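Structure first, commentary second.
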Amino acid sequence: MYSVHVKDQRMHFSASHFLRFCGDCEQLHGHNYTVEVFITGPLNEDGMVIDFREAKDKVVNICKTLDHKVMLPGDSKTINVKSEEGFIEVNVGEKRYVFPAEDCIILPTQATTAELLSKHIHDHIDISGDYHVKVCISESAGSTGCYED
């Protein structure tokens, strides 16, 4: 089986988030996330698993939807997110945040961890065919979460 590793300086996004764990809530903070994709599968008639440009463009387009956003978990059991009149209100523990809606992205996840962000990107890459895809997101050097099918 053949594979490609796709990494490009355009495959990144800067975003803020917070996590709730062990009953506590982290402060709102941000990262400069980087994305890498590993695709395994058969060679096409051109002798490639996939055209690198095609794979990169797909990831770059997804990164653009996350860039410069406050990422919020829409499926959290402990973080309440609601949209009202152009604003997003977030209640978590004793904290209440209100953001302009255009500054936020509500993700269909339970949290905004690197692991779940990897799955979100994986689910939106849309690479058709008989491929095995692994997506890894780094919050910083040495802090990487991955998802693979």
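Derivation of every value follows stated rules applied to the coordinates shown; laboratory data play no part. This structure is a prediction, so every number in the text was calculated from the model and none was measured. Neighbour counts are summed over all protein chains in view; Cβ atoms, including those assigned to glycine, are modelled from backbone coordinates with ideal geometry.
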Exercise for the section: Report the full-extension gain for the segment residue 97 to residue 2: residue separation times 0.36 nm, less the Cα-Cα distance, to one decimal in nm. Expected result: 29.5 nm
Handout entry: Across 95/119; 58/119; 7/58; 7/56; 64/95, pairs whose alpha-carbon gap is larger than 19 Å
Key = 95/119; 64/95
Completion exercise
Most exposed to least, judged by fewest other Cβ atoms within 10 Å, 16, 143 sort to 143, 16
Problem - Label of the coordinate-derived value, Cα extents along the principal axes in Å, listed as (i) 44, 32, 24; (ii) 57, 32, 24; (iii) 44, 35, 28 - result: (ii)
Problem - Contact order normalised by residue count of segment 19-118, Cα under 8 Å, 6+ apart, percent - result: 25 percent
Exercise for the section: Quick one: go through segment 1-40 and flag any residue whose amide nitrogen is under 11 Å from the point 7 Å out along the Cα-to-Cβ line of residue 132. Expected result: 1-3, 39-40
Fill in the blank from the handout: For segment 62-143, percent of DSSP beta bridges that are antiparallel (nearest 5) comes out at 75 percent
Handout entry: Two-site label geometry, residue 87 and residue 9: point separation in nm, points 7 Å out along Cα→Cβ
Key = 4.1 nm
Completion exercise
So, over other residues within a Cβ distance under 14 Å of residue 17, counting Lys, Arg +1 and Asp, Glu -1, the net charge is -2
Problem - Rg(Cα)/(2.2 N^0.38 Å) for segment 7-58, N = residue count - result: 1.76
Exercise for the section: Compute the distribution of all C-alpha to C-alpha distances in segment 71-115, in bins of 5 Å from 0, and list the percent of pairs in each, rounded to whole numbers. Expected result: 6, 23, 33, 25, 11, 2, 0
Problem - Net lengthening on full extension, residue 45/residue 27 (0.36 nm per residue, minus Cα-Cα) - result: 1.4 nm
Completion exercise
Helix 52-66 sits off the longest principal axis of the Cα atoms of the chain, rounded to the nearest 10 on a 0 to 90 degree scale, by 0 degrees
